Every structure is written in structure tokens, then in C-alpha cells.
Amino acid sequence: MFSITKNINDEDKTISLVSLESLQKELECSYSSIWRFCKDGLPHYKRGKKLWFNKTKVFNWLEENYSVNGR
């Protein structure tokens, strides 16, 4: 897990991020599915060569963009 702390409106906000590997295990889907989701607009952050994801944003995005039976 990776955390980012940002100062927003004089408040420190900490955002916890999970790696691509952790997200893949939690969603029980393939890496290629996650890469496809990223291409379609799944929110993610890149630090170096690694991708990181805010789980709350990921689940909200998936709920808005993908139904249980597919797109």
C-alpha cells in the first residue's frame, strides 16, 4: 500500500492507494482487464513504472461504467 498526503484547503488529506497486483486479486480479474479499464478511463496514478489505485474511486467508477453482466 502506498499513501499520498496532500494539503487541500489548509487540511492534510491522506489518500491510500493499492497496487495493480492487489487490485487484481481483490477484483478477481486478469491484469489485461485492469489495463483495459485504465484505457477506458479507470482512475489511476502512475509513480515510476507502477500503477496505483484508490479503491474507493475504482469501485465508484466500475459501478458507473460496468454492470454485473458486462458493459
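Values in this text are rule-based calculations from the coordinates and carry no lab data. Note that the structure is a prediction, hence the values are computed from the model and not measured.
How much length would be gained if the chain were fully extended between residue 14 and residue 38, taking 0.36 nm per residue of separation minus their Cα-Cα distance, in nm to one decimal?
Here the answer is 6.4 nm.
Sequence-distant or interchain residues sharing an amide H contact under 5 Å with residue 51, placed H: which?
Those qualifying (amide H under 5 Å, at least 5 residues apart or on another chain) are 20.
If you stretched the chain out fully between residue 60 and residue 30, how much longer would it get, using 0.36 nm times the residue separation minus the C-alpha to C-alpha distance?
Extra length from residue 60 to residue 30 when fully extended: 8.9 nm.
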